[in-house]
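Here, each number is a calculation from the coordinates, and none is a lab measurement. As the structure is a computational prediction, the values presented were derived from the model and not from experiment. Cβ sites come from the backbone with ideal geometry, for glycine too, and all protein chains shown count toward neighbours.
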Amino acid sequence: MTDPKTFYQDRRDAFILKFGEDLKRLRLLSAVRILVFLLSWLGVYLTWEAALWSGIIGFGGTVVFIFFLKQYQKVKRDYEHHKELYAINTEELAILDFSFHDRKDGKKFEKTAHDFASDIDLFGRGSFFQYVNRTGLIEGAEKLANRLQSNNCASIKEKQKALKVLAQKTDWRQDFTAEARRFKTETKTALIVQWLQNYSAFIPSMMSWLPYAFGSISIILIILTSIDKVPPSAIMYWLFLGLGVTGIYVKRINQFGPRVSKMKDTVQQYALLLEAIEKETFDSSVLKEQQERIRTDNKVASAIFKDFSRALDAFDNRNNLLVAVLGNGFFLWDVACTYRIEQWIQRYAHLVEAWFEVVSNFDALNSLGTFVFNHPSFAFPEVSEGDNMLIEAKALGHPLLNPGQRVSSNMTLGPREFFIVTGANMAGKSTFLRTVSLFVVMANCGMPVCAKAANYTPIKLLTSMRTTDSLTDESSYFFAELSRLQYIIEKLKKEPYLVVLDEILKGTNSVDKATGSKKIIQRLVSMEVPGIIATHDVSLCTLEAELTPVQNYFFETEIKNDTLFFDYKLKQGQCQNMNASFLLKHMDIVEE
């Protein structure tokens, strides 16, 4: 079994050396480029009167300069890639030490009135999303957030297989993430898809051949002029003719230009990421299905995207003054490039959305694959379709607690059992509820859970733990609680869920609260709903004698040497000790 911390330390140290070497090569290539440029201009100056030698030196110097420029660009890409890999492995070491609160928290992805997201610290500072997220793309982060909130308990075994496969492909995962992080793109893919699908071409079909014919004539005229067969004025007239033809479309091309220029980096980035997906072999039906979505009949998606990227690069050259004048005057450059881009759009625009989605899906899945790799001691639940057990976990704990502080408990919950969990303040009730809730969320996503071993019958999750009032909706806290409970009952009428409740009906008096809570539990039990409720109200424990599915559990509190002691262990039975009075006295809020 690979130790994640040692693994990341070794990779971090290796990439420090690699991007250090890249930086030295970049400095050397920069110096060589400057030297070639200066020597070329010096050679041209010294041989100015010998036109042939001057031309040879100038041309040769340009070729050599372009060669070193391409080498510089290649090494720069390696440098940026290795620098990202160094950062990735450094971050992993920090996260393994539970230092992750400065990462993006995903709060913007939280859905309102969700089945469970706001109750279980799924988003926000110190959240599960913040701990798990490794995405490099905005769209990938959104896919990850949607996956965690999906409440989809289908095909868990296939999901587990996919994550196990990705967990073993550490080099591939990190290379993919490094490429995703390397580009700082300007335009969201959803906007690109919308623009491509609604785009209307304006360059006529005759431009499929006219720029080539026009350019060929331009070359012939230039040659004839150089050998004094055609007067120079002919070249000028031809140049103005080309500028005039381009000018017919210049207004619309100028409107077209900023849009396609902004999407260039995104297209280049996704071309590289698509290629990474296409070239890798995945022994997983889920991942293979994603790969199939980016296959076309005769050409792979990455090659098609690279064609688009090259077309966009060529179009961007219109910002160069020489291209703007000579390119348009002699070769109808803007028109030819626009036509090329429009033809690509007409042919492939309907496929782009699926390609973007596949890349963002892999970006999201990579986060979960990294989680698997980082937690070799966590267990993949054995998935059961039986009717005897819903959750059976050995040493179940909360995944966001440091292992040195985490206290685990065994737990078995039947498909129609309802737990009433009592305990004093701070004894661990709410943490236990979130532990069980995260177990369900993680298991449904195909992730390993924070337990030594687990069995699980797939089920969706419904919670009510953090109800708030709303001044905007003019609703009281109590009405907000009732609305949430009504929402839960309506959902349960349609399909089964595991229901997790924390201290319900807090917004009313103690008598109403006890009576109302009992009636809610009775209603849920009559609907054969599995669930857990945490409460301070020990009077609810009498339901165990009245209703067979109800089981009492508690978290104990002891006072030892005038100090509160919590063991945070789940035990069967009813809580006997509460700590409010002790804390009031201990903090000198009330007198003895």
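Note that region 254-264 has calculated 3J(HN,Hα) couplings of 5, 6, 5, x, x, 5, 6, 5, 5, 8, 4 Hz, one per residue in order, obtained from phi through the Karplus relation 6.51 cos²θ - 1.76 cosθ + 1.60 (θ = phi - 60°); glycine and proline are x.
Highest average first, the peptides 225-233, 196-204 ordered by how many other beta carbon atoms sit within 10 Å of their residues are 196-204, 225-233. Take every Cα pair under 8 Å whose residues are at least 6 apart in sequence, average their separation, divide by the length of region 180-374, and the relative contact order is 35 percent.
Relative to the longest principal axis of the Cα atoms of the chain, the long axis of helix 429-444 lies at roughly 50 degrees.
Distant-in-sequence amide contacts of residue 568, defined by a placed amide H-H separation under 5 Å and a gap of 5 or more residues or a different chain, comprise 556.
The residues packed around residue 501, meaning those with a beta-carbon under 15 Å from its beta-carbon, carry a net charge of +3 if Lys and Arg are +1 and Asp and Glu are -1.
This model, with +1 at the C-beta of Lys and Arg and -1 at the C-beta of Asp and Glu, gives region 1-97 a dipole about its Cα centre of some 360 debye.
DSSP assigns beta bridges within region 382-586; of those with both partners inside it, close to 40 percent run antiparallel. Loop-resident trypsin sites (Lys or Arg not before Pro) (DSSP state other than H, G, I, E or B) in region 97-150 with no more than 14 further Cβ atoms inside 10 Å of their Cβ: 104, 111, 125. If both residues of a DSSP beta bridge must be in the chain, then about 45% of such bridges are antiparallel.
Between the DSSP loop rule and a limit of at most 14 other Cβ atoms within 10 Å, which chymotrypsin sites (Phe, Trp or Tyr not before Pro) in region 1-77 are left? Please list the in-between numbers first.
Numbers: sites: 7, 8, 15, 19, 37, 41, 45, 48, 53, 59, 65, 67, 68, 72; in loops: 48.
Listed in order of number, the matching sites are 48.
Under 5 Å between amide hydrogens, built in the peptide plane, is the criterion, and for residue 410 it picks out 395, 396 among residues at least 5 positions away or on other chains. Please work out the C-alpha center-to-center distance from region 38-59 to region 475-530 and express it in whole Å. Comparing the Cα centres of region 38-59 and region 475-530, I get a distance of 88 Å. Only Cα pairs under 8 Å and 6+ residues apart enter the sum, and on that basis the relative contact order of the chain stands at 15 percent. The lysine pair tally for region 180-374, using Cα distances under 19 Å and a gap of 8 or more places or different chains, is 13. Take every pair of alpha-carbon atoms less than 8 Å apart whose residues are at least six positions apart; their mean separation over the length of region 1-97 yields a relative contact order of 49 percent. Amide H to amide H distances under 5 Å link residue 460 with 498, where only residues 5 or more positions off or on other chains count and H is placed in the peptide plane. For the chain, the longest principal axis of the alpha carbon atoms and the long axis of helix 301-316 meet at an angle near 50°.
When shorter helices are ignored and each DSSP H run of at least 4 residues is given -39500 (n - 2.57), the per-residue value for the chain at 222 nm works out to -19000 deg cm²/dmol. Helix 51-96 and the longest principal axis of the C-alpha atoms of the chain enclose an angle of approximately 0°. The listed peptides 333-344, 378-389, 520-531, ordered by packing as a protection proxy, come out as 333-344, 520-531, 378-389 (highest mean of other Cβ atoms within 10 Å first).
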